[in-house]
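Engineer: Sending over a structure as structure tokens; questions will come in a sec.
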Amino acid sequence: MSRAPILNPKETYTFSRYFELTADAEDVFEELGYQLKTKMLELPTTSDDIGFLPALQQRLLQTLELVDLSSEMARRETLIAPILLEICTHTKQKLKIEYTINVSQQLRGSLDYFIPATQNLLVIEAKQADLARGFVQLGAELIALDQWTTSDTPMLFGAITTGDTWKFGLLDRTQKTLLRDIRVYTVPSDLAPLVATLLAIIQGSNLLAAS
């Protein structure tokens with residue numbers, strides 16, 4: 001079945017513009033040369049003791065009690081950044097914020113959070129609401145990263161988060177396939193498995209079942 005193109009080749013598309021698209025995510029990614037699959041992913045997780053977890057949990061609980069989280073900036077600064085800073089401090093990895101990449105006219109813009117770990121690359125996209133549309137933007141960022149990076153890691157990891165809700169995705173670079181996890185992680189209830197997964201990704205644990 002033929003259809004009209006979604007992306008206008010004469011226009012510039014920043015990553016944030018993908019969030020505004022009303023087209024089906026599968027069709028958007030297909031136009032960029034990738035396919036989309038949604039399934040229960042067996043994401044890596046660490047079994048190591050996470051010493052900073054109790055203090056982080058308490059801090060986030062206090063945040064939820066004291067801070068008005070109606071704005072995206074409030075969620076970034078009080079819910080998302082504290083988690084990522086603790087993880088990067090623990091793993092001694094750099095955390096790049098508003099990291100700009102420019103691949104093409106259709107793939108350019110800033111990554112909210114980018115952790116260029118040795119084994120795996122992780123991009124975090126923060127959105128105030130709407131994980132479904134946010135995943136379209138995350139997918140575009142992972143596709144851009146696939147074409148931009150010189151890393152030979154076979155998988156690129158990403159997550160879309162509203163601060164209190166997280167959903168993971170990854171890009172299988174060989175198969176040119178975006179994989180969207182069915183599950184969501186909520187904060188603070190699922191903080192322990194969320195942190196264990198983020199740590200395992202950054203530390204280079206292999207994905208158990210990508211396809």
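None of the figures in this text is laboratory data; all of them are computed from the coordinates on show. Given the structure is predicted, the values throughout are model-derived calculations rather than measurements. When we count neighbours, we look across all protein chains shown, and the Cβ atoms used for this are built from the backbone with ideal geometry, even at glycine.
Engineer: Working carefully through the options E98, E77, find the one that is under 20 Å from L156 (Cα atoms) and either without any contact (Cβ under 8 Å) to a residue 60 or more places away in the chain or charged (D, E, K, R) (or both).
Structural biologist: E98
Engineer: If you check L85, L36, L43, which single one turns out to be without any contact (Cβ under 8 Å) to a residue 12 or more places away in the chain, among the aliphatic types (A, V, I, L, M) and either within 20 Å of E125 (Cβ to Cβ) or crowded, with 18+ Cβ neighbours inside 10 Å (or both)?
Structural biologist: Step by step, each of L85, L36, L43 is checked, and only L85 is without any contact (Cβ under 8 Å) to a residue 12 or more places away in the chain, among the aliphatic types (A, V, I, L, M) and either within 20 Å of E125 (Cβ to Cβ) or crowded, with 18+ Cβ neighbours inside 10 Å (or both).
Conditions tested, residue by residue: (1) out of contact with any Gly (no Cβ under 6 Å at 6 or more places or on another chain); (2) surrounded by fewer than 16 Cβ atoms within 10 Å (Cβ to Cβ); (3) of a type outside the set (D, E, K, R); (4) in a strand (DSSP E or B).
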| site | (1), (2), (3), (4) |
| --- | --- |
| F114 | yes, no, yes, yes |
| A132 | yes, yes, yes, no |
| Q137 | yes, no, yes, no |
| E141 | yes, no, no, no |
| D146 | yes, no, no, no |
| T150 | yes, yes, yes, no |
| T174 | yes, yes, yes, no |
| P188 | yes, no, yes, no |
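Engineer: For R17, are the conditions met, namely being under 16 Å from the mean Cα position of the chain (by Cα) and surrounded by 10 or more Cβ atoms within 10 Å (Cβ to Cβ)?
Structural biologist: no
Engineer: Hey, another quick one. How many of the residues in segment 152-172 are surrounded by fewer than 20 Cβ atoms within 10 Å (Cβ to Cβ), within 30 Å of E65 (Cβ to Cβ) and not acidic (D, E)?
Structural biologist: 1
Engineer: Quick check on my filter: what residues within segment 90-109 are within 30 Å of D49 (Cα to Cα) and either surrounded by 12 or more Cβ atoms within 10 Å (Cβ to Cβ) or under 18 Å from the mean Cα position of the chain (by Cα) (or both)?
Structural biologist: Selection gives H90, T91, Q93, K94, L95, K96, I97.
Engineer: Can you pull out every residue in segment 20-38 that is under 27 Å from L79 (Cβ atoms) and not in a loop (DSSP other than H, G, I, E, B)?
Structural biologist: Residues satisfying the conditions are E20, A25, T38.
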